[in-house]
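Below is one structure, written out as C-alpha coordinates; the observations come after it.
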Amino acid sequence: MGGLGAAMVILFAFVAASMLVSAVGVVAFRRPIYNALALVANMLGLAVLFLLLNAQFLFVAQIIVYTGAVMVLFVFIIALLNPRADIRLQRPGAEWGFGIVFGVVFAALLLIILSTRALPGKPGPYTPEAIDAAGNVQTIGRALYTTFLFPVEVASVLLLVAAVGAVYLARRRIH
Amino acid sequence: MIPAYAYLWLSGILFTIGAVGVLIRRNPLVMFMCIELMLNAVNLSFAAFSRYLNSLDGVAFAFLVITVAAAEVVVGIAIIVQVYRAGRAMDVDELDLMKE
(Lines give C-alpha, C1' and ligand atoms only; values in the text may rest on other atoms or scores of the structure.)
Protein backbone atom coordinates (compact mmCIF):
# COMPACT_ATOMS: atom_id res chain seq x y z
CA MET A 1 0.00 0.00 0.00
CA GLY A 2 2.94 2.31 0.71
CA GLY A 3 4.29 1.73 -2.79
CA LEU A 4 0.92 2.59 -4.29
CA GLY A 5 0.72 5.79 -2.23
CA ALA A 6 4.18 6.85 -3.37
CA ALA A 7 3.25 6.13 -6.97
CA MET A 8 0.15 8.27 -6.59
CA VAL A 9 2.19 11.15 -5.16
CA ILE A 10 4.65 10.92 -8.03
CA LEU A 11 1.80 10.79 -10.56
CA PHE A 12 0.15 13.78 -8.94
CA ALA A 13 3.38 15.79 -8.98
CA PHE A 14 4.01 14.97 -12.62
CA VAL A 15 0.45 15.77 -13.72
CA ALA A 16 0.33 18.95 -11.63
CA ALA A 17 3.60 20.20 -13.12
CA SER A 18 2.44 19.48 -16.67
CA MET A 19 -0.87 21.20 -15.96
CA LEU A 20 0.89 24.33 -14.71
CA VAL A 21 3.16 24.41 -17.76
CA SER A 22 0.26 23.91 -20.17
CA ALA A 23 -1.83 26.55 -18.37
CA VAL A 24 0.95 29.08 -18.88
CA GLY A 25 1.04 27.92 -22.50
CA VAL A 26 -2.69 28.63 -22.88
CA VAL A 27 -2.07 32.23 -21.85
CA ALA A 28 1.29 32.84 -23.47
CA PHE A 29 1.33 31.29 -26.96
CA ARG A 30 0.84 33.68 -29.85
CA ARG A 31 -0.93 31.39 -32.31
CA PRO A 32 -4.42 30.31 -31.22
CA ILE A 33 -3.89 26.72 -32.38
CA TYR A 34 -1.02 26.34 -29.88
CA ASN A 35 -3.23 27.81 -27.15
CA ALA A 36 -5.88 25.23 -28.00
CA LEU A 37 -3.39 22.33 -27.93
CA ALA A 38 -2.03 23.51 -24.58
CA LEU A 39 -5.59 23.59 -23.27
CA VAL A 40 -6.13 20.01 -24.49
CA ALA A 41 -3.05 18.93 -22.55
CA ASN A 42 -4.34 20.77 -19.49
CA MET A 43 -7.74 19.10 -19.69
CA LEU A 44 -6.25 15.64 -20.08
CA GLY A 45 -4.17 16.30 -16.97
CA LEU A 46 -7.30 17.34 -15.13
CA ALA A 47 -8.99 14.11 -16.20
CA VAL A 48 -6.12 12.14 -14.63
CA LEU A 49 -6.56 14.11 -11.42
CA PHE A 50 -10.28 13.28 -11.41
CA LEU A 51 -9.27 9.63 -11.60
CA LEU A 52 -6.92 10.11 -8.64
CA LEU A 53 -9.81 11.72 -6.75
CA ASN A 54 -12.00 8.65 -7.29
CA ALA A 55 -14.34 10.58 -9.59
CA GLN A 56 -14.46 8.19 -12.52
CA PHE A 57 -17.68 9.68 -13.84
CA LEU A 58 -16.10 13.13 -14.04
CA PHE A 59 -13.05 11.59 -15.72
CA VAL A 60 -15.20 10.23 -18.54
CA ALA A 61 -17.35 13.38 -18.76
CA GLN A 62 -14.23 15.55 -18.86
CA ILE A 63 -12.70 13.59 -21.73
CA ILE A 64 -15.92 13.29 -23.75
CA VAL A 65 -17.32 16.78 -23.24
CA TYR A 66 -14.24 18.96 -22.85
CA THR A 67 -11.43 17.25 -24.67
CA GLY A 68 -13.77 15.65 -27.16
CA ALA A 69 -16.48 18.17 -27.98
CA VAL A 70 -15.41 21.60 -26.76
CA MET A 71 -11.81 21.46 -27.92
CA VAL A 72 -12.75 19.96 -31.28
CA LEU A 73 -15.08 22.94 -31.70
CA PHE A 74 -12.25 25.32 -30.81
CA VAL A 75 -9.81 23.68 -33.21
CA PHE A 76 -12.41 23.63 -35.99
CA ILE A 77 -13.13 27.31 -35.55
CA ILE A 78 -9.44 28.19 -35.47
CA ALA A 79 -8.87 26.17 -38.64
CA LEU A 80 -11.95 27.76 -40.26
CA LEU A 81 -11.24 31.38 -39.38
CA ASN A 82 -7.46 31.09 -39.78
CA PRO A 83 -6.98 34.19 -37.67
CA ARG A 84 -3.88 35.65 -39.25
CA ALA A 85 -4.54 39.02 -37.64
CA ASP A 86 -3.67 37.58 -34.25
CA ILE A 87 -0.04 37.04 -35.01
CA ARG A 88 0.60 40.74 -34.64
CA LEU A 89 2.50 41.46 -31.47
CA GLN A 90 0.38 42.59 -28.60
CA ARG A 91 1.33 45.95 -27.36
CA PRO A 92 1.80 45.78 -23.61
CA GLY A 93 -0.84 48.34 -22.78
CA ALA A 94 -2.77 49.15 -19.66
CA GLU A 95 -4.34 45.67 -19.53
CA TRP A 96 -0.97 44.13 -18.74
CA GLY A 97 -0.66 46.31 -15.69
CA PHE A 98 -4.16 45.40 -14.56
CA GLY A 99 -3.52 41.72 -15.23
CA ILE A 100 -0.29 41.61 -13.27
CA VAL A 101 -1.69 43.59 -10.34
CA PHE A 102 -4.76 41.35 -10.26
CA GLY A 103 -2.63 38.20 -10.41
CA VAL A 104 -0.40 39.30 -7.54
CA VAL A 105 -3.32 40.38 -5.36
CA PHE A 106 -5.30 37.22 -6.07
CA ALA A 107 -2.30 34.98 -5.40
CA ALA A 108 -1.68 36.80 -2.10
CA LEU A 109 -5.32 36.27 -1.09
CA LEU A 110 -5.06 32.58 -1.95
CA LEU A 111 -1.87 32.31 0.05
CA ILE A 112 -3.51 33.88 3.09
CA ILE A 113 -6.68 31.82 2.89
CA LEU A 114 -5.13 28.45 2.12
CA SER A 115 -2.37 28.79 4.72
CA THR A 116 -4.50 30.04 7.63
CA ARG A 117 -7.80 28.19 7.28
CA ALA A 118 -8.57 24.62 8.15
CA LEU A 119 -10.87 22.75 5.78
CA PRO A 120 -14.38 23.10 7.16
CA GLY A 121 -17.29 20.73 6.74
CA LYS A 122 -18.15 17.41 8.24
CA PRO A 123 -17.57 14.23 6.24
CA GLY A 124 -20.57 12.63 4.62
CA PRO A 125 -21.43 8.96 4.09
CA TYR A 126 -19.94 8.56 0.61
CA THR A 127 -16.52 7.13 1.38
CA PRO A 128 -14.63 5.69 -1.61
CA GLU A 129 -15.36 2.19 -0.29
CA ALA A 130 -19.11 2.88 -0.10
CA ILE A 131 -19.12 4.38 -3.59
CA ASP A 132 -17.13 1.49 -5.03
CA ALA A 133 -19.45 -1.04 -3.37
CA ALA A 134 -22.55 0.52 -4.93
CA GLY A 135 -20.85 1.39 -8.22
CA ASN A 136 -19.43 4.80 -9.00
CA VAL A 137 -21.66 5.81 -11.90
CA GLN A 138 -24.72 4.27 -10.26
CA THR A 139 -24.19 6.30 -7.08
CA ILE A 140 -23.72 9.56 -8.95
CA GLY A 141 -26.63 8.84 -11.27
CA ARG A 142 -28.89 8.24 -8.30
CA ALA A 143 -27.75 11.51 -6.69
CA LEU A 144 -28.21 13.44 -9.94
CA TYR A 145 -31.75 12.18 -10.47
CA THR A 146 -32.91 12.54 -6.87
CA THR A 147 -31.09 15.23 -4.89
CA PHE A 148 -30.06 17.22 -7.93
CA LEU A 149 -33.12 16.62 -10.09
CA PHE A 150 -34.05 20.29 -10.40
CA PRO A 151 -30.54 21.54 -11.30
CA VAL A 152 -30.22 18.74 -13.86
CA GLU A 153 -33.52 19.73 -15.47
CA VAL A 154 -32.47 23.38 -15.54
CA ALA A 155 -29.18 22.36 -17.13
CA SER A 156 -31.03 20.37 -19.78
CA VAL A 157 -33.20 23.41 -20.62
CA LEU A 158 -30.03 25.52 -20.76
CA LEU A 159 -28.46 23.10 -23.23
CA LEU A 160 -31.60 23.19 -25.37
CA VAL A 161 -31.62 27.00 -25.38
CA ALA A 162 -27.90 27.09 -26.21
CA ALA A 163 -28.38 24.68 -29.13
CA VAL A 164 -31.30 26.69 -30.51
CA GLY A 165 -29.38 29.93 -30.03
CA ALA A 166 -26.30 28.59 -31.78
CA VAL A 167 -28.36 27.42 -34.78
CA TYR A 168 -30.09 30.80 -34.93
CA LEU A 169 -26.80 32.70 -34.77
CA ALA A 170 -25.22 30.47 -37.39
CA ARG A 171 -28.08 30.99 -39.87
CA ARG A 172 -28.46 34.73 -39.50
CA ARG A 173 -26.31 37.20 -41.41
CA ILE A 174 -25.27 40.23 -39.41
CA HIS A 175 -24.56 43.32 -41.47
CA MET B 1 -2.55 9.92 0.49
CA ILE B 2 -2.19 13.23 -1.29
CA PRO B 3 -3.28 16.10 0.99
CA ALA B 4 -6.36 18.04 -0.05
CA TYR B 5 -4.33 21.24 0.07
CA ALA B 6 -2.24 20.05 -2.87
CA TYR B 7 -5.35 19.95 -5.05
CA LEU B 8 -6.62 23.27 -3.72
CA TRP B 9 -3.28 24.96 -4.36
CA LEU B 10 -3.12 23.61 -7.88
CA SER B 11 -6.70 24.70 -8.47
CA GLY B 12 -6.03 28.20 -7.14
CA ILE B 13 -2.90 28.65 -9.24
CA LEU B 14 -4.66 27.46 -12.39
CA PHE B 15 -7.57 29.82 -11.70
CA THR B 16 -5.17 32.74 -11.25
CA ILE B 17 -3.37 31.93 -14.50
CA GLY B 18 -6.70 31.79 -16.33
CA ALA B 19 -7.92 35.07 -14.83
CA VAL B 20 -4.70 36.87 -15.71
CA GLY B 21 -5.00 35.43 -19.22
CA VAL B 22 -8.50 36.83 -19.61
CA LEU B 23 -7.19 40.22 -18.51
CA ILE B 24 -4.11 40.44 -20.70
CA ARG B 25 -5.14 38.67 -23.92
CA ARG B 26 -7.33 40.50 -26.43
CA ASN B 27 -8.18 37.68 -28.84
CA PRO B 28 -11.72 36.47 -28.07
CA LEU B 29 -10.88 32.83 -28.80
CA VAL B 30 -7.92 32.86 -26.43
CA MET B 31 -10.00 34.66 -23.80
CA PHE B 32 -12.56 31.88 -24.11
CA MET B 33 -9.86 29.29 -23.59
CA CYS B 34 -8.72 31.12 -20.46
CA ILE B 35 -12.30 31.07 -19.17
CA GLU B 36 -12.36 27.31 -19.76
CA LEU B 37 -9.14 27.09 -17.78
CA MET B 38 -10.79 28.90 -14.86
CA LEU B 39 -13.86 26.65 -14.99
CA ASN B 40 -11.61 23.59 -15.02
CA ALA B 41 -9.72 24.86 -12.00
CA VAL B 42 -12.99 25.26 -10.10
CA ASN B 43 -14.03 21.75 -11.11
CA LEU B 44 -10.78 20.44 -9.67
CA SER B 45 -11.51 21.99 -6.28
CA PHE B 46 -15.11 20.71 -6.41
CA ALA B 47 -13.85 17.19 -7.00
CA ALA B 48 -11.18 17.53 -4.29
CA PHE B 49 -13.71 18.73 -1.69
CA SER B 50 -16.07 15.98 -2.74
CA ARG B 51 -13.41 13.36 -2.21
CA TYR B 52 -12.07 14.65 1.09
CA LEU B 53 -15.49 15.33 2.63
CA ASN B 54 -16.87 11.98 1.42
CA SER B 55 -19.72 13.70 -0.35
CA LEU B 56 -21.19 13.58 -3.82
CA ASP B 57 -22.22 17.22 -3.98
CA GLY B 58 -18.94 18.36 -5.47
CA VAL B 59 -19.06 15.78 -8.24
CA ALA B 60 -22.65 16.74 -9.10
CA PHE B 61 -21.73 20.44 -9.14
CA ALA B 62 -18.71 19.78 -11.34
CA PHE B 63 -20.98 17.90 -13.73
CA LEU B 64 -23.32 20.89 -13.88
CA VAL B 65 -20.36 23.22 -14.42
CA ILE B 66 -19.26 21.08 -17.37
CA THR B 67 -22.80 21.36 -18.81
CA VAL B 68 -22.90 25.12 -18.43
CA ALA B 69 -19.41 25.47 -19.92
CA ALA B 70 -20.45 23.47 -22.97
CA ALA B 71 -23.49 25.70 -23.52
CA GLU B 72 -21.38 28.81 -23.02
CA VAL B 73 -18.78 27.70 -25.54
CA VAL B 74 -21.40 26.88 -28.17
CA VAL B 75 -23.07 30.29 -27.98
CA GLY B 76 -19.80 32.19 -27.58
CA ILE B 77 -18.18 30.59 -30.60
CA ALA B 78 -21.30 31.21 -32.68
CA ILE B 79 -21.03 34.90 -31.78
CA ILE B 80 -17.31 34.98 -32.58
CA VAL B 81 -17.97 33.42 -35.99
CA GLN B 82 -20.64 36.02 -36.68
CA VAL B 83 -18.30 38.83 -35.69
CA TYR B 84 -15.65 37.40 -37.98
CA ARG B 85 -18.14 37.06 -40.84
CA ALA B 86 -19.07 40.70 -40.40
CA GLY B 87 -15.46 41.48 -41.24
CA ARG B 88 -14.38 42.87 -37.91
CA ALA B 89 -10.97 42.40 -36.33
CA MET B 90 -10.38 39.59 -33.88
CA ASP B 91 -9.64 41.99 -31.07
CA VAL B 92 -12.06 42.66 -28.26
CA ASP B 93 -10.77 46.22 -27.85
CA GLU B 94 -12.04 47.07 -31.32
CA LEU B 95 -15.46 45.52 -30.77
CA ASP B 96 -16.91 48.57 -29.06
CA LEU B 97 -20.09 49.18 -31.06
CA MET B 98 -22.27 48.70 -27.98
CA LYS B 99 -20.32 51.22 -25.94
CA GLU B 100 -22.04 54.26 -27.41
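Descriptive notes on the structure:
- Any chance A:Leu39 is in contact with a Phe, Trp or Tyr (Cβ under 9 Å, 6 or more places away or on another chain), more than 19 Å from B:Glu72 (Cα to Cα) and modelled with pLDDT of 90 or more: no
Each row is one residue, and each column tells you yes or no for (1) part of a loop (DSSP other than H, G, I, E, B); (2) exposed (fewer than 11 other Cβ atoms within 10 Å of the Cβ); (3) more than 8 Å from chain B (Cβ to nearest Cβ).
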{"site": "A:Gly103", "(1), (2), (3)": "no, no, no"}
{"site": "A:Ala107", "(1), (2), (3)": "no, no, no"}
{"site": "A:Pro120", "(1), (2), (3)": "yes, yes, yes"}
{"site": "A:Asp132", "(1), (2), (3)": "no, no, yes"}
{"site": "A:Gln138", "(1), (2), (3)": "no, no, yes"}
{"site": "A:Gly141", "(1), (2), (3)": "no, no, yes"}
{"site": "A:Thr147", "(1), (2), (3)": "yes, no, no"}
{"site": "A:Pro151", "(1), (2), (3)": "no, no, no"}
{"site": "A:Val161", "(1), (2), (3)": "no, no, no"}
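- Pair list, Cβ < 9 Å and 6+ apart or interchain, from region A:96-109 residues that are more than 15 Å from B:Trp9 (Cα to Cα) to residues that are charged (D, E, K, R) and surrounded by 14 or more Cβ atoms within 10 Å (Cβ to Cβ): A:Gly99/B:Arg25
- Any hit, region B:3-14, residues being among the aromatic types (Phe, Trp, Tyr) and open to solvent by less than 30 Å² (accessible area, probe 1.4 Å): yes
- Filtered residue count, region B:26-52, keeping only those that are open to solvent by less than 20 Å² (accessible area, probe 1.4 Å), closer than 29 Å to B:Ile79 by Cβ and more than 14 Å from the chain's Cα centre (by Cα): 1
- Filtered residues of region B:60-82 (kept if under 28 Å from A:Pro128 (Cβ atoms), open to solvent by less than 10 Å² (accessible area, probe 1.4 Å) and in contact with a Leu (Cβ under 7 Å, 6 or more places away or on another chain)): B:Ala60, B:Ala62, B:Ala69
The values are calculated or read from the model by the stated rules, or taken from the named source; none is laboratory data. Every value quoted in this text rests on a predicted model; they were computed, and no experiment measured them. With ideal geometry, Cβ positions are generated from the backbone for all residues, glycine too; neighbour counts draw on all protein chains shown. These area figures cover heavy atoms from the full protein model, side chains too; ligands, DNA and RNA do not enter into them. Shrake-Rupley method; radii C 1.70, N 1.55, O 1.52, S 1.80 Å.
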